[in-house]
1. Keeping to segment 363-381, report how many residues are crowded, with 18+ Cβ neighbours inside 10 Å and aliphatic (A, V, I, L, M).
2. Select from segment 1-21 the residues that are surrounded by 16 or more Cβ atoms within 10 Å (Cβ to Cβ) and in contact with a strand residue (DSSP E or B) (Cβ under 6 Å, 6 or more places away or on another chain) and list them in ascending order.
3. Check every one of the strands (runs of 3 or more DSSP E) wholly within segment 228-317 and list those with 2 or more residues that are under 23 Å from the mean Cα position of the chain (by Cα) and of a type in the set (S, T, N, Q).
4. Check segment 401-411 and report whether any residue there is within 22 Å of the chain's Cα centre (by Cα) and farther than 30 Å from I71 by Cβ.
5. Looking at (1) under 22 Å from the mean Cα position of the chain (by Cα); (2) modelled with pLDDT of 95 or more; (3) not small (G, A, S), which is the one condition that is false for T391?
6. Give segment 71-110 a look and list any residue that's part of a loop (DSSP other than H, G, I, E, B), in contact with a strand residue (DSSP E or B) (Cβ under 6 Å, 6 or more places away or on another chain) and within 15 Å of K389 (Cβ to Cβ), or say none.
7. Taking the residues in segment 326-356 that are in contact with a His (Cβ under 8 Å, 6 or more places away or on another chain) and part of a helix (DSSP H, G or I) as candidates, determine which candidate is farthest from M393 (Cα to Cα).
8. With respect to the numbered conditions (1) of a type outside the set (D, E, K, R); (2) closer than 30 Å to I354 by Cα; (3) in contact with a strand residue (DSSP E or B) (Cβ under 7 Å, 6 or more places away or on another chain), which one is the sole condition not fulfilled by S223?
Amino acid sequence: MRYILSGINAKYIHSNLAIFCLKSYAEAYGLPEAEYVIKEYTINNYVEDILTDLYEARGDVLIFSCYIWNISYVRELAGEMKKIRPDMPVWVGGPEVSYDAEEFLKTNPAVDLVMQGEGEEQFTELVRLWEDYNTKIAALSDRMEETSRSEPSTALLNRLSKAPLPRGVALRTSDGIINTGFADLVDMDRIPFVYEDFRLFEHKIIYYESSRGCPFRCSYCLSSVDKTVRFRSLDLVLPELQRFLDARVAQVKFVDRTFNCRVSHAMTIWQYIHEHDNGVTNFHFEISSDLLTEEAMTLFEKMRPGLIQLEIGVQSTNEPTIDAINRHMDLSRLFANVDRVHALGNIHQHLDLIAGLPYESYDQFKRSFNDIYLHEPDQLQLGFLKVLKGTQMEMDQDKHGIAYRSLPPYEVLKTAWMDYDELIRLKGVEEMVETYYNSMQYTWTLKYVVPFFESPFDFYESFSIWYRGHGYHKMNHSRMARYELLRDYLRETDKYNNGVQLTVEAGRIIQSFYGESAIISQDLLDEMLLLDMYLREGVKSRPSWAPDQTPYKNTFKQMYREQGEELFPALWSQGRYESKKAANHSHMEWFSFDVGLWIKENKIVRRSCLCLFDYSDRNPLNYNAAIREISS
């Protein structure tokens, strides 16, 4: 029989590890005559197109992997499929259905069965039972077989319910719902390696798990429900990592909830990927930074830039909040380690904040934001509390005065400490942070202007108020337009800054040139924008506010022809230098300040210099072009 395993992902670059685990486990330990077909889509696909494709797969059982981002699609698809294939059972599994399986079955009559918890073993056993049942049906007379196969799926499953069911199943029958509770935890070493054909994952993130569960008990997280942390044996993990390295995949994202909770496990993996680095593959880990050891720091220092990236869930720096969510960590040690990793300059760090947590007001969240921002993460993820089914936060919602959306993603609407108006304002801050900070396309402009404001949060809040006040949040903008908007805001900010004074002492960065009563220099602002713009790409059309460089055009051409050895030493030494190609893959720009000193030490010194942006040589952490000062 044919089992259709369907995953509806949030983005094209994602893949659904769960359905690949079900398939590989069932193939390894189930019946050889069963056929498993993977079908992946995204939430950007039309429901009609998904329905057609699933129907034309001609399956005997349809299985959906359910999460907060796709559950509405699953409900609709299951209902529509039942109209055209009433004989085909629909099974579902995943975190969005595991914790209220009976209620889900009651409110979704098109779904026949819910797999609760880890699905590999229960799915394999269900397939064995289903195959056995259908074998018995096939053994009956032709007339009986024809009659039975025309039965709706609920009648078929009613017959199945007479067999001993595995743990982890909630099944609809004519007599009601049978529920065998949560599935037993799976032995991680029994799960086969799922990536047999890397061609299926071209241009996608590869997900990998070397452990399940989490030692922490964060009240908002489903991982806290599983009280046991289980590890896959390193004898299996290391050869599997080598397969990723041999295939030269772009990125492997570990889904371990706290990767370094067992130091020896983490260190062995980090040491292995360092020693076997292929120069291409990036590995992503979610870690607890306060658990990093001196040994880890020593190893990090040796790693290729871009080999690993770290995601660190700080969530809040407010102690009562941290206590309320059971997020126990040593903040001083955490930030000390973040700073040490940042100083290495070879590892991307991603720090997380959650708005809407207990005991955190708007002003306190502002302090948490500023606390994190000052440590200069490569990305600052500002998320909003989602009250997930089965979590402690769901149980404590009344205690904390939490109201949240009834439908996925169950996002917070208000708490006892923060109202909806304030959450709306934070949505605006999130948009500005995501667009201007996390894109890493405006780094040096932000480093220049943010210190003029009372705090980093004040800058993003003020920018958001101005941005929304002009209705820009309702429009799509090109990258060039976003530079224009940032420039317009900063030129008008004395009128629109909601009380933030630009005459505030700018501090460490600009005092050396402007003095203590500094204000933003519009000329310098324009140059900072140009610096950021050309670091990312050699734009064909210069912005209206860029100085005219026509007088230098012939000079630049001559320099490419005559100074190739100085401008592009690597290409020159390899005998591959061609002036026209070099010109097409680079850009020259005059600046009125010492760009090298600014980038290295955040100091502004007025001194004209000509800079070369080399797009054939990019920083693997932020994708910026290499920049060299070639004249002053």
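The values are calculated or read from the model by the stated rules, or taken from the named source; none is laboratory data. None of these values were measured; they are calculated from a predicted model. Using ideal geometry, Cβ is built from the backbone for each residue, glycine included, and neighbour counts are taken over all protein chains shown.
1. Here the count works out to 2.
2. Y3, I4, L5, S6, G7, I8, N9, N16, L17, A18, I19
3. 308-315
4. no
5. Exception for T391: condition (2).
6. Passing the criteria: only G94.
7. First pass over segment 326-356, keeping only residues in contact with a His (Cβ under 8 Å, 6 or more places away or on another chain): 335, 338-339, 342, 349, 351.
Imposing the further condition that a residue be part of a helix (DSSP H, G or I) reduces the set to 335, 338-339, 342.
Details: F335: 26, V338: 28, D339: 31, H342: 33 Å.
Checked segment 326-356; the qualifying residue farthest from M393 (Cα to Cα) is H342.
8. With (1) of a type outside the set (D, E, K, R); (2) closer than 30 Å to I354 by Cα; (3) in contact with a strand residue (DSSP E or B) (Cβ under 7 Å, 6 or more places away or on another chain) applied to S223, the lone miss is (3).
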